[in-house]
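No lab work stands behind these numbers, since they all come straight from the coordinates. Everything numeric here is computed off the predicted structure, so don't read it as measured data. Every residue, glycine among them, receives a Cβ derived from its backbone with ideal geometry; neighbour counts consider all protein chains shown.
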Amino acid sequence: MKNTLTLFLLLCGNLYALAQVPFPSYNAVWSYRHGNGEAPPNYVIVGTRTDDTVFGGNTYHKLYSSSNDMVLDPSEYIGGIREDVAGRVYYVNAAGASEVLLYDFSLTPGDTIFTAPGGAAEGVVFSADTVTIASVARRRLSFRYLTGSVAAGGTWIEGIGNSGLGGLLGSPLAQPTCDCANNTVCLTVAGSEKYHNASYASLDCDNIISVSQVGDAVVDVAYVSLHPNPVTGTATLQTAPASDFDNLVITDAVGRVVTRMPVPTDGTVAFDAATMAPGMYIYHLSGHTTRGFTGRFVVE
């Protein structure tokens, strides 16, 4: 009887350890770095809000992409993403074309992965193990090319996607010889960071699309300030008049828009936080020639 009970407990423990970690659904943001060879890299965010769409009888969480600020606007809709009960994650573009299988966490070592959407064999699962990220044990699959016997590609992590190479929607095996790949930097869900690629530990996931990407219209962050912070009533946001910022958007910690207002030519914006609930808020500045700036403030 004792042996039977021990076996039962071991089996339950294994089942618990292997429980499927769901893929993020709403208010999830994947940030990734796109290399530009000798030029400075660009940064892009791809994520969900709280809305869905239906294609072919399947419900997808709407997916958006932004390369000019940290706000996912309706105009930036690119498609949808869904996960089935077997842990397979699919993507369909905004036109509703045939869906693409992005991830299949039911695969085991030796299984083949295929290029989407062409379907050509691309690589082989090299190993499967478990890694704990954000206090959650997750299945991790590592890959190699069809030829060779050592790991040569990236990895998938359950509930996250590509841990590096490929970003959210790309292949973990596409490795250009130049610095030209998309690499996942981090994943946040409802404002909480769930994953941060150790290779880019110095990057700020809350402000990854910032004035560092402005290019010819570089804006010194020293000329962007908000005071007082924390805010108890009226606050003033000040930008340099030459910054060309012309729009301010304030969102709460989960990405809901609280207010929008124009930035006057003198770069000074005053707003009343009296109607805002206590907590953290994010402000997003954008303009025609600048790439955007994002900062935080707290309402008490």
- Log entry, pairs with first residue in the range 119-141 being touching a residue at least 24 places away in the same chain (Cβ under 8 Å), second being of a type in the set (Asp, Glu) and surrounded by 12 or more Cβ atoms within 10 Å (Cβ to Cβ), beta carbons closer than 7 Å, six or more apart or on different chains, reads Arg138/Glu158; Arg139/Glu158
- Which members of the range 42-77 meet the condition of being over 23 Å from Asn247 (Cα atoms) and surrounded by fewer than 17 Cβ atoms within 10 Å (Cβ to Cβ)? Thr50, Asp51, Asp52, Val54, Gly56, Gly57, Asn58, Thr59
- Inside the range 158-193, the number of residues satisfying the requirement of being surrounded by 22 or more Cβ atoms within 10 Å (Cβ to Cβ), aliphatic (A, V, I, L, M) and closer than 13 Å to Leu102 by Cα is 2
- One residue from Tyr145, Tyr103 being closer than 20 Å to Val29 by Cβ and among the aromatic types (Phe, Trp, Tyr): Tyr103
- Query: Scanning the range 94-145 for residues that are loosely packed, with under 13 Cβ neighbours inside 10 Å and among the hydrophobic types (A, V, I, L, M, F, W, C), which turns out nearest to Tyr77 (Cα to Cα)?
  - Reply: Ala95
- Within the range 91-105, residues being in a strand (DSSP E or B) and farther than 15 Å from Phe55 by Cα number 3
